[in-house]
Amino acid sequence: MEHLGNRSLFTSHFVLGGKEADRKFTKTKTDVLEALHMWLNFKDNDQGMENYSIVRTRSVDFLEIIELQTFKEITQELHRSYCLEYPYSSRKDFLKHVFEYTIHDLERFLELDLYCHGEVLNENKYCFYTVFMDDAMQFIDFAISGEKEIEYYQQYYRAVLNYLKSFEEEEETTIAARASKNQPPELETPATFEELFYDAAQADPCLRILREIEPPTLDAINNYIGKSKGIFPLWIKVLKEKTPEPLIKHFPNIVYKNLLNQKVKGLNLSKDASEFRKHYKQLENNGVKEDLKRILSQYSHDGKLGKLGF
């Protein structure tokens, strides 16, 4: 996810002179690559394209569409993952981290005065447009599906930008509503284990999962009897990833460490909460995470997590 902010999510971008646009380095045959090389060959060999030759072309962008509802779901899932890593972040931070270049690229595209070449290649799959960039003194070409008009893409990208803007504004509305009700900030440091949960009544049922997993990690009176303390960060992660809503709030790892040590006798997680920064590959490979999710799902189905209907 850390690399998404540096590329446009709606464009397959080929810089002429780069490896991606060179047949020597693109052995895989795809519709996009085949259309790219057919287009470049056409630009260099058709008399009518003399002014638009490869020498005067900076890049070719194949425009892409992600069904809008799917894009919204992807955005929400990415935001959920981002918040797990950066619990103090805002939606503005998230959009900058993940969508900064995408937003810039779409806004720039919508301002361009495109010229249509009227050439459809690769069995009518692609139609090509171009624009001359004064700053670079070169052309940029855009390829779209031969089945759609350029207006379709322009309207779609406006809808994407409007959604991302509303996604950020939704947080501002929520914060304003909370402030108007004098509600305390959600990230106020909790004093008890139960305060880690959105619903304190769900704390004990969720802890019970650690008694039911095989082999058990806790005994009946919350003594630590497990063999790997890594199960606790994994358990926290499962509770935070619970859909449609997480069961446990987002806090710095040190908060989880302190309250787990307080709740579980003999646990003694390290002072710097280093257990939460490790990747317990063996636990995941042994199916421990899936077992935790399975028991949690069964609890949800049986109504053991209370009135919220999880």
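Accessible area of ARG56, 1.4 Å probe, to the nearest 10 Å²?
In the full protein context, ARG56 sits at about 90 Å².
Where the centroid of each part is defined by its Cα atoms, how far is region 75-100 from region 235-293 in Å?
Cα centres, region 75-100 to region 235-293: 21 Å.
Could you work out how far helix 150-180 tilts from the main Cα principal axis of the chain, as a 0 to 90 degree angle to the nearest 10?
With rounding to tens, the tilt is 30 degrees.
Please calculate the 1.4 Å probe accessible area of ASP93, with all protein chains present, and give it to the nearest 10 Å².
Its accessible surface works out to 70 Å², give or take rounding.
Sort MET137, MET38 by heavy-atom solvent-accessible area, probe 1.4 angstrom, most to least.
MET137, MET38
At 0.36 nm per residue, and after removing the present C-alpha to C-alpha distance, how many nm does the segment from GLU284 to ALA136 gain when stretched out fully?
The GLU284-ALA136 span can extend by a further 48.2 nm.
List the lysines whose Cα lies under 20 Å from the Cα of LYS19, skipping any in the same chain that are fewer than 8 positions away.
Within reach: LYS27, LYS29, LYS43.
Can you give the accessible area of LYS19 in Å² (nearest 10), computed on protein heavy atoms with a 1.4 Å probe?
130 Å²
If HIS37, HIS301 are ordered by their accessible area, calculated over protein heavy atoms with a 1.4 Å probe, which sequence runs from highest to lowest?
So the residues, ranked largest to smallest area, are HIS301, HIS37.
Obtain the nm distance between the two label points defined at GLU147 and ARG208 by a simple spin-label model: each point lies 7 Å from its Cα along the Cα-to-C-beta direction.
Once both label points are built, they end up 5.2 nm from each other.
Roughly what angle does helix 68-85 make with the longest principal axis of the chain, taking Cα atoms, 0 to 90 degrees, to the nearest 10?
Helix 68-85 and the main axis of the chain meet at about 50 degrees.
Report the residues of region 89-113 in range of a label on MET49: point 7 Å along Cα→C-beta, backbone N strictly under 20 Å from it.
Counting backbone N atoms under 20 Å from the label point, the list is empty.
Using unit Cβ charges (K, R positive; D, E negative) and no other charged atoms, how large, in debye to the nearest 20, is the dipole of the chain about its Cα centre? Can you show the working numbers first?
Working: 41 positive and 50 negative charges, 380 e Å.
Computed about the Cα centre, the dipole is about 1820 debye.
Apply the Kirkwood formula to the chain: the hydrodynamic radius equals the inverse of the mean of 1/r over all pairs of different alpha-carbon atoms; give it in Å with one decimal.
23.6 Å
Rolling a 1.4 Å sphere over the protein heavy atoms, what is the accessible area per residue of region 191-310, to the nearest Å²?
Per residue, region 191-310 has an accessible area of 52 Å².
For the chain, what's the relative contact order in percent, using C-alpha pairs closer than 8 Å and at least 6 residues apart?
Relative CO of the chain lands at 15 percent.
Report, in degrees rounded to the nearest 10, the 0 to 90 angle that the Cα long axis of helix 31-45 makes with the longest principal axis of the chain.
20 degrees
Can you sort LEU68, LEU106 by solvent-accessible area, 1.4 Å probe, largest first?
Numbers: LEU68 50, LEU106 5 Å².
Listed by decreasing accessible area, they come as LEU68, LEU106.
How large a share of the accessible area of the chain, in percent, is made up of carbon and sulfur atoms when the probe is 1.4 Å and the other protein chains stay in place?
48 percent
The values are calculated or read from the model by the stated rules, or taken from the named source; none is laboratory data. Quick caveat, the model's predicted, so the values are computed rather than measured. FYI the Cβ positions are ideal-geometry reconstructions off the backbone, even for glycines, and counts take in every protein chain you see. Heavy atoms of the whole protein, side chains included, go into the accessibility calculation; ligands, DNA and RNA do not. Shrake-Rupley method; radii C 1.70, N 1.55, O 1.52, S 1.80 Å.
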